[in-house]
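Q: Could you have a look at this structure, given as structure tokens, before my questions?
The values are calculated or read from the model by the stated rules, or taken from the named source; none is laboratory data. Model, not experiment: these values are computed from the prediction. So basically every Cβ, Gly included, is an ideal-geometry build from the backbone, and we count neighbours across all protein chains shown. What goes into the accessible areas is simple: the full protein's heavy atoms, side chains included, and nothing from ligands, DNA or RNA. Shrake-Rupley method; radii C 1.70, N 1.55, O 1.52, S 1.80 Å.
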Amino acid sequence: LLLGVYAETRPQIQQAVDFLEARAQRQQQSGQALGLEGQLVLADLMARLNRGDTADKLRENVRYLPLGSPRLTLELARASLERDNAPLARSLLSPLVQTLPDDSTAWQARAWQALAAAHLRLGQAVEAREALQHLGARVRGPEARLLEARLDLANGLETESTQKLERLLEELPAERRYLRSQVRGVLARSLIEQRRYDSAQAQLTAALQE
């Protein structure tokens, strides 16, 4: 399934489709279904091959399928976000979070956080904030705090966003270079919105140096 998520070129996409279709056929012969996550990945691949009718039919059948492995579904969704495929991530996570208890464990909280990120990338700020509200204070890590600041920025709350990002940057250890770079990038955008161009440039320069 990860092959389908990471496929980029048309030959890679076709190879992933062939693999999933063969797997679905084998499972059907043994009386099993492909599974919700496999069906969604296959539908996404079909859409990328401009086979929209087939993709729509696959997505329509998803409602009748059970969720396979929650952890696998989460990993597929996070991989989709890495590949900038927010629609697939949202499709995978939406049925997953419906099965989660309110007292989410750490990995379950990551599902809500990933769903919030997917909604935010799709410009759905309200849905993103609703997803973040499912995170308890004890599991609100730096990634969730960065998401909250991005939401503030998307809603035009540049001052609040800047304050949250500056606090987060102060608390992040130096070894978290990648996350610190992400924080600085969002902070630079927030500062630009406030026309604080010199401060924004300083953040971008620091991000390159870290």
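Conditions tested, residue by residue: (1) surrounded by fewer than 21 Cβ atoms within 10 Å (Cβ to Cβ); (2) modelled with pLDDT of 90 or more.
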| position | (1), (2) |
| --- | --- |
| Arg78 | yes, yes |
| Ser91 | no, yes |
| Thr99 | yes, no |
| Gly123 | yes, yes |
| Val126 | yes, yes |
| Gln133 | yes, no |
| Arg140 | yes, no |
| Arg150 | no, yes |
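Q: When you scan region 171-184, how many residues do you find that are assigned to a helix (DSSP H, G or I) and surrounded by 14 or more Cβ atoms within 10 Å (Cβ to Cβ)?
A: Of the residues in that region, 6 qualify.
Q: Given (1) within 22 Å of the chain's Cα centre (by Cα); (2) over 23 Å from Leu81 (Cα atoms), identify the lone condition not met by Ala149.
A: The number of the failed condition is (2).
Q: Only residues in region 118-141 that are closer than 20 Å to Glu82 by Cα count as the first member; pair them with residues that are modelled with pLDDT of 90 or more and of a type in the set (Asp, Glu), Cβ under 8 angstrom, at least 6 apart or cross-chain, and list the lot.
A: Sorted first by the residue in region 118-141, then by its partner, the pairs are His119/Glu127; Arg121/Asp84; Leu132/Glu148.
Q: OK, next. Of the residues Gly123, Gly156, which single one is assigned to a loop (DSSP other than H, G, I, E, B) and within 19 Å of Arg90 (Cα to Cα)?
A: Being assigned to a loop (DSSP other than H, G, I, E, B) and within 19 Å of Arg90 (Cα to Cα) holds for just one of Gly123, Gly156, which is Gly123.
Q: Next question. Looking at Gly68, Gly38, which one is open to solvent by less than 60 Å² (accessible area, probe 1.4 Å), closer than 30 Å to Ala106 by Cβ and not in a helix (DSSP H, G or I)? Full working, then the answer.
A: Numbers: Gly38 fails: not in a helix (DSSP H, G or I).
Every option except Gly68 fails the conditions.
Q: Please determine whether any residue of region 6-13 is of a type outside the set (Gly, Ala, Ser), open to solvent by 50 Å² or more (accessible area, probe 1.4 Å), more than 16 Å from the chain's Cα centre (by Cα) and closer than 22 Å to Leu96 by Cα. Spell out the reasoning first.
A: Residues of region 6-13 of a type outside the set (Gly, Ala, Ser): 6, 8-13.
With open to solvent by 50 Å² or more (accessible area, probe 1.4 Å) added as a condition, the list becomes 6, 8-12.
Now restrict to residues that are more than 16 Å from the chain's Cα centre (by Cα): 8-12.
Cutting the leftovers down to closer than 22 Å to Leu96 by Cα gives us none.
No - not one qualifying residue is present in region 6-13.
Q: If the requirement is being within 20 Å of Ala24 (Cα to Cα) and not charged (D, E, K, R), which of these qualifies: Leu81, Leu88, Leu120, Leu74?
A: Of Leu81, Leu88, Leu120, Leu74, the one residue that is within 20 Å of Ala24 (Cα to Cα) and not charged (D, E, K, R) is Leu88.
Q: Still on this structure, I have one more. Give all pairs with beta carbons closer than 8 Å in which a residue from region 74-93 that is within 14 Å of Arg59 (Cβ to Cβ) meets a residue that is assigned to a loop (DSSP other than H, G, I, E, B) and open to solvent by 10 Å² or more (accessible area, probe 1.4 Å); count only pairs at least 6 apart in sequence or on separate chains.
A: Filtered contacts from region 74-93: Pro87/Leu122; Arg90/Leu122.
Q: Considering only region 41-48, I want to know if a residue exists there that is over 24 Å from Leu135 (Cβ atoms) and either more than 22 Å from the chain's Cα centre (by Cα) or open to solvent by 60 Å² or more (accessible area, probe 1.4 Å) (or both). Steps first, answer last, please.
A: Within region 41-48, the first condition is being over 24 Å from Leu135 (Cβ atoms), and the residues that meet it are 41-48.
Now drop any that are not either more than 22 Å from the chain's Cα centre (by Cα) or open to solvent by 60 Å² or more (accessible area, probe 1.4 Å) (or both), which leaves 48.
Scanning region 41-48, I find at least one residue that is over 24 Å from Leu135 (Cβ atoms) and either more than 22 Å from the chain's Cα centre (by Cα) or open to solvent by 60 Å² or more (accessible area, probe 1.4 Å) (or both), so the answer is yes.
Q: May I ask you to list the residues in region 181-210 that are touching a residue at least 24 places away in the same chain (Cβ under 8 Å) and within 17 Å of Glu148 (Cβ to Cβ)?
A: Applying the first criterion (touching a residue at least 24 places away in the same chain (Cβ under 8 Å)) to region 181-210 yields 181-184, 186-187, 189-191, 193-194, 207, 210.
Scanning region 181-210 gives Gln182, Val183, Arg184, Val186, Leu187, Arg189, Ser190, Glu193.
Q: If you don't mind, another one. Could you tell me whether Ala79 is closer than 30 Å to Gly185 by Cβ, touching a Gly at 6+ places or on another chain (Cβ under 9 Å) and assigned to a helix (DSSP H, G or I)? Break it down stepwise before answering.
A: Working: closer than 30 Å to Gly185 by Cβ: yes; touching a Gly at 6+ places or on another chain (Cβ under 9 Å): no; assigned to a helix (DSSP H, G or I): yes.
Against the criterion (closer than 30 Å to Gly185 by Cβ, touching a Gly at 6+ places or on another chain (Cβ under 9 Å) and assigned to a helix (DSSP H, G or I)), Ala79 does not qualify.
Q: Follow-up question, since we're still on this one. The conditions are (1) modelled with pLDDT of 90 or more; (2) within 14 Å of the chain's Cα centre (by Cα), and Arg51 fails exactly one of them. Which is it?
A: (2)
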